[in-house]
Each structure stands twice: as C-alpha cells, then as structure tokens.
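Reading through the structure tokens given below for one structure.
Each value in this text was obtained by applying a stated rule to the coordinates, not by laboratory testing. These numbers come from a predicted model, not from an experiment. Positions of Cβ are generated from backbone atoms using ideal geometry, with glycine treated the same way; all protein chains shown enter the neighbour counts.
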Amino acid sequence: MAELPLIEEYSPLRNRRILFGLTASSSIYRSIDLIRKLIRLGAEIKVVMTRESLSLITPDLVEWAIGSKPLIEFTGRAEHIELANWAEAFIIAPATLNTISRIAYGIADQLLHLTAITMMGAGKKLAILPTMNMKLYNSPQYREAINKLASYNNVSIINPLIEEGKAKFPPINDVVHCIDALVNRGRDLEGKYMLITAGPTIEYIDPVRIITNNSSGLMGVLLAREAVCRGAVVDLVHGPLRVEPPYNVNKYPVTTTAQMAKTISKLTNEKQYDAAIFAAAPSDYTVLSRSHKKISTHEHVSLVVRLKQTPKTIKYVSRSKKPKLLIIFSAETVDNHLELVEKARNKLLEYNADLAIANNVSISGVGFSSNYIDACIVSSDSHECMGVIRKEVLARKIIDIVKQNI
C-alpha cells in the first residue's frame, strides 16, 4: 500500500509531470529518497526501470514510494510514446555506463532506453546522473558517450560527486534543486561565471572567544545552488557555514573578514565574472589587539575589548575586472520598507553596485538562521518589496535577474 508524502509548503514542482528512470547501479537505493522528495515538492512521478535494476530493488518498493506500479517491459501498447507525451522531463538517476551508451547510440532494446530516445526526439528534457567506479568514469567509452549526449540541446548531465575513487550519487538536496531548476528554468546560464559569498566570518578575541553573527549561510548557498544547477560555473567564497555548500561549486572557505576580502581580491583579479553576489554577512569589527592566550576569568573580573572596523569585502573587487553585474545584500533593522529602500540606495552609491537586496532583520523568526526573509530588491531608480518570503523563492528571483542582465 502506497504512503505518499505530504506536499510541502514550498512546492515549486506542483503539478509538474516527471518521468524517473532507474538503472542497475549500487546507488539505486538513494533514488527512493530522491523520488519522495520530488513528490513533497509537488511533482507527479512515474517510474521506468531496466530489467537489470530488478536485482537491486523491487517494483513493490517503487510502487510504495510513488503510488503506482513502475513500468519495465514493452507490452505492445507503445508505452514509450504514451510516457513521452505525458512527461515534461525524464530524469535517469542513477545512470550506468551501459544505459548511457545505449541511449547515446540509439540501442533501444529496453523500455527505458527507448523512452529516453523518444523524449529526445520529442524535444523534451532529459537529465542523466551517472554513477560508477572511477575506472569506468575515466574510460574513453564513457567520455565519448556522455559527450555525445551532452551535445544535444535538450539533454543535461547532472555531474556525480567524485569521492573515494567513485563517481557517487550526490547529496539529495543538491540533486532535487537541480531537477527543480531544470524543469522550471533549464540550463540557461551555460558558459556564465559567477562569484557568490555566503555565511558569517569569525574574529577572534582570544583562542577561545570570538565575534561573529547569527548568519547560517543559507541564502548564499541557495543562490550558489540555483546558479550552478542552471549551468553557471560558480566560485563560492564562504565563512563557517551551518548548511552544506553545494557539491558542484568551487569552494573557497575562509574564517575572518580579512581572509574573505583577500580571496575576493585574488579571484576577481584572476577571473572575469559575469556576476558577483555578495550574500555573506562578514563581521564588521575585529579586536584591536588579539590575545594569543585564553584570557583568564580569574585575572579579569571585567573585560574591555577595543574594536576596529574590518575591511569592506566588496571594496576588494578588482577595478580592472569588475563583474558585469554586482549585487550586494544589506541587512538592516528598520520600521518600514521605505526606510529599508533608502538605506539600500545609499549603499548602492557607496559600493558602486547595480542592485541591493535589502532585508529587514528586526522581525522575529525572519532573516539570519531562518528559511524566510523580508526583502526588497533595490536599484538606483526602482524597487520591489516582496514582504516575507522563503529564501528559495528569493534565490530564484535574483538568479532570474542575473540571467536577464548578463
């Protein structure tokens, strides 16, 4: 008996029809969690399995996960045509070298392979997530087959996680986001390069005590994930995060604000970015003189800490290779949106930025360490205040703006 999960409040895949393919990779067990998460985001799911995959997972488990029986064999009813007409996208995860090669070279001897070829012929979206041993992944046969598939406009490759000598199934949240982006937007940022900052920074008072803030880094991580899933090459400069950064971005971890500024300077002088989004919340102050030993509470009943300003990280962007689009975040404590917009415009001028994402952090449960944000998108001559929305919604809206302006 199927027990379908409840659709979540944030459901960007509501009523979207997704066909899911299962092949005989040892990582197939991860697909059940992935499918269930897609259903939670509102997707309607049908599943096609290869015969070989039946040795690793049973049709009964798949039926429990999606509420209907998976399709495996031809029956003469032209199921491949019916499925291609029904589905908006076909996701094959995991995909073995055998399956990838058969689809690439038109060997349609099973329902899954024939359906994938039919989807391609219909101009519909096909996404393939390869998982295998690195010896297979590095083989010329794999490279030839995957490059052939990637050359088609309606085929996307979701890169595996390379770890422990294997091309592994990536973290579920990253794959879900990429499927969502593929279905709702596509790979519309292919060939674009983006710099994104995320998270807080830490300034040490002594080896134990620190100055920081309550940023989790979620906003920057969502922006990076949205951009990379839409095809951009993303460099993520981040402080200590409380959420996992995307597996498929270039990560530059830092600790202090000075380190973040130095890394931004280095990257923007080396590379020409199409867009840079400063979503981090670096500490604005550091101690005037750091103690290299733990300050004893027995020796100091009270403590006076003298502070100085840290570098403004955005001012370390290369002047000669300024990104084509520069977006800053501005966290404020204000009473209304008009005041929020005014403060954001002042920062646009100060930092010579193109857009400011002004967010009011004075509302309880909104902003830092929350899934929600009270945000206004502000330019020099216009603004849009959206009220309290989920950060995923804002991340997509910002990346849509990036797409329109680069």
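Annotations
- For region 194-221, residues that are in a loop (DSSP other than H, G, I, E, B) and either of a type in the set (D, E) or in contact with a His (Cβ under 8 Å, 6 or more places away or on another chain) (or both) total 4.
- Considering only residues in region 246-266 that are assigned to a helix (DSSP H, G or I) and among the hydrophobic types (A, V, I, L, M, F, W, C), the one that is surrounded by the fewest Cβ atoms within 10 Å (Cβ to Cβ) turns out to be A258.
- Checked against (1) crowded, with 20+ Cβ neighbours inside 10 Å; (2) within 23 Å of V47 (Cα to Cα), A145 passes all but condition (2).
- Filtered by the rule that a residue be under 13 Å from I179 (Cβ atoms) and in contact with a Leu (Cβ under 8 Å, 6 or more places away or on another chain), region 21-71 gives G21, S31, L38, I39, R40, L41, G42, A43, I45.
- Output for region 277-294, where each listed residue is polar (S, T, N, Q) and either touching a Gly at 6+ places or on another chain (Cβ under 7 Å) or in a loop (DSSP other than H, G, I, E, B) (or both): S283, S289, S291
- Residue in region 345-359 that is of a type in the set (G, A, S), in contact with a Ser or Thr (Cβ under 9 Å, 6 or more places away or on another chain) and either crowded, with 21+ Cβ neighbours inside 10 Å or within 16 Å of A198 (Cα to Cα) (or both) present: yes
- Any hit, region 295-308, residues being touching a residue at least 12 places away in the same chain (Cβ under 8 Å), hydroxyl-bearing (S, T, Y) and assigned to a loop (DSSP other than H, G, I, E, B): no
- Filtering region 375-393 to residues that are in contact with a Leu (Cβ under 8 Å, 6 or more places away or on another chain) and either more than 17 Å from S215 (Cα to Cα) or in contact (Cβ under 8 Å) with a residue 24 or more places away in the chain (or both) leaves C376, I377, V378, S379, S380, C385, M386, K391, E392.
- Listed by first and then second residue, the pairs linking a residue in region 37-48 that is in a strand (DSSP E or B) to a residue that is among the charged types (D, E, K, R), with Cβ atoms under 6 Å apart and 6 or more places separating them unless they lie on different chains, are E44/R17.
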